[in-house]
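Structure, as structure tokens:
The values are calculated or read from the model by the stated rules, or taken from the named source; none is laboratory data. This is a predicted model, so every value here is computed, not measured. In this analysis, Cβ positions are derived from the backbone assuming ideal geometry, glycine residues included, and neighbour counts consider all displayed protein chains. Note: accessible area is taken over every heavy atom of the protein model, side chains too, but ligands, DNA and RNA are not part of it. Shrake-Rupley method; radii C 1.70, N 1.55, O 1.52, S 1.80 Å.
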Amino acid sequence: MASFTRKAIREAFLQLLDERMLSEITVKDIVERCGINRNSFYYHYRDLPALIEEIVQEEADAVIAGHASLHDMVDCFDAVVSFVTHRKRAILHIFRSVNRDVFERYLMKTCRYFVDTYLTAALLGDPVDPKDREAAVHFYACTCFGLVIDWLSQGMPEQTVPACRRIFAFKAGQAEELARQLHKLHT
Amino acid sequence: MKPRATAPLWAAKVAYSTLAALWCVLGGWLWLAPARPDPAALSRLIGTGLLLFGAVRLLGYLARDLYRLAFQDDVPLGVGAVLLGAGLLWRPEAGSAFLSGSLGVFCLLDALFKGRAARQAGRFGIRCWRWLCLLAAGGLLAALWLLVAPWGGQKPLGAALLAEGLLHVGMAAGTIKIIRNQVPDSRDREEVFSCDGPKRW
């Protein structure tokens, strides 16, 4: 459970991130906003990138925890979108900063987790080579990741999400088809 | 949660700024004065200044402002100033013989520590950190001049005091922040000394 100080620092940082770009935020701004002194900030966090990483990781873990089962790729995509839209302005400001690699790393982690969860359920009982399975997870995770990154690059317009859902709806039943192909390759 | 009282912080900041300004005045007067003042009287004056300045710096350290930059090294430097000032007041006639050397060393150390604080201020997000580095560099050069040319009369002494004063005025203006909603340190201490233990200092 996060301590009072860590919570105060994170809340202050997220408030600032909603107001301005990441490059315009300093540790000074955070301590002035939350009233925690400089030494206490550096006791808990090495620097701003460490704070960003913790926040993004916790958001990703919270979204993952909230989606224990997924029925199709549309569910996967919706789960990833919920991760990104939970703090839309803050995510966009991180995405448009030099620290976007941190965000992209956890976005990919989230995509892989959701796709893996879905395929585990979809391929249940089917004998699949682990390497082939990993390749399939990687392929679909990259598809999700690429669509979300493209959506972020455009500034997260609302009309894009339904369009992406349609793409996954076209590909419905792909897991079953994948299982057949992998089974054929395996035998 | 009730925020910290700001009165001790204001007291420390005002006293620190005032004494730093007086240091500038003394340094400027020594630089411009046509005749060298009586060495014993000068020792008493500087000794009093050091005693007061050292006490104020210790007060500033205990006040614990938001940024914790200006006074972070002021336990050793404050104690050093108090001891040096007390020595000069106790033996002003003898003190004048080692005034330049001892003050030069003190100003040199002060400039080095303040230079480090200026770089930390930059990392922290204070925009005027480069000016603070410049002031620290000026303090360093003036202290070196005082150390290598103590026979140069009152000009090196005046320059060192003026540079020292300007450095501290800059630190007071740029790195001491007082806000109304500062969280009490007792809350921080509860977490620092919790069962997880301190990670690093």
query = Quick check: is even one residue across region A:135-152 within 15 Å of A:PHE77 (Cα to Cα) and among the hydroxyl-bearing types (Ser, Thr, Tyr)?
reply = yes
remark   = Scanning region A:148-164 residue by residue, those aliphatic (A, V, I, L, M) and open to solvent by less than 40 Å² (accessible area, probe 1.4 Å) turn out to be A:VAL148, A:ILE149, A:LEU152, A:MET156, A:VAL161
ask   = Which condition number in (1) assigned to a helix (DSSP H, G or I); (2) open to solvent by less than 20 Å² (accessible area, probe 1.4 Å); (3) within 14 Å of chain A (Cβ to nearest Cβ); (4) modelled with pLDDT of 85 or more is the one that B:ASP188 fails?
value = (4)
key: Candidates A:HIS93, A:HIS86 - the one that is out of contact with any Gly (no Cβ under 7 Å at 6 or more places or on another chain), exposed (fewer than 15 other Cβ atoms within 10 Å of the Cβ) and not small (Gly, Ala, Ser)   = A:HIS86
task = Could you tell me whether region B:4-16 includes any residue that is in contact with an Asp or Glu (Cβ under 7 Å, 6 or more places away or on another chain), under 23 Å from B:LEU108 (Cα atoms) and touching a residue at least 12 places away in the same chain (Cβ under 8 Å)?
result = no
ask   = Exactly one of (1) of a type in the set (D, E, K, R); (2) within 20 Å of B:ALA163 (Cα to Cα); (3) in contact with a Phe, Trp or Tyr (Cβ under 9 Å, 6 or more places away or on another chain) is unmet by B:LYS13. Its number?
value = (3)
key: Those residues of region A:11-47 which are open to solvent by 40 Å² or more (accessible area, probe 1.4 Å), away from every other protein chain (no Cβ under 12 Å) and assigned to a helix (DSSP H, G or I), in sequence order   = A:GLU11, A:GLN15, A:ASP18, A:GLU19
ask   = Within region B:1-50, which residues are buried (at least 20 other Cβ atoms within 10 Å of the Cβ) and either of a type in the set (D, E, K, R) or closer than 30 Å to B:ASP185 by Cα (or both)?
value = B:ARG4, B:LEU9, B:ALA12, B:LYS13, B:TYR16, B:LEU19, B:ALA20, B:LEU50
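Quick one: which of B:ALA160, B:ALA111, B:ALA143, B:ALA117 is within 17 Å of B:LEU77 (Cβ to Cβ), open to solvent by less than 70 Å² (accessible area, probe 1.4 Å) and either in contact (Cβ under 8 Å) with a residue 60 or more places away in the chain or among the basic types (Lys, Arg) (or both)? Full working, then the answer.
Working: B:ALA111 fails: either in contact (Cβ under 8 Å) with a residue 60 or more places away in the chain or among the basic types (Lys, Arg) (or both); B:ALA143 fails: either in contact (Cβ under 8 Å) with a residue 60 or more places away in the chain or among the basic types (Lys, Arg) (or both); B:ALA117 fails: either in contact (Cβ under 8 Å) with a residue 60 or more places away in the chain or among the basic types (Lys, Arg) (or both).
Exactly one residue qualifies, and that residue is B:ALA160.
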message = Just to check your reading of the model, which residue among B:GLY174, B:GLY139, B:GLY170 is under 14 Å from the mean Cα position of the chain (by Cα) and within 14 Å of chain A (Cβ to nearest Cβ)?
response = B:GLY174
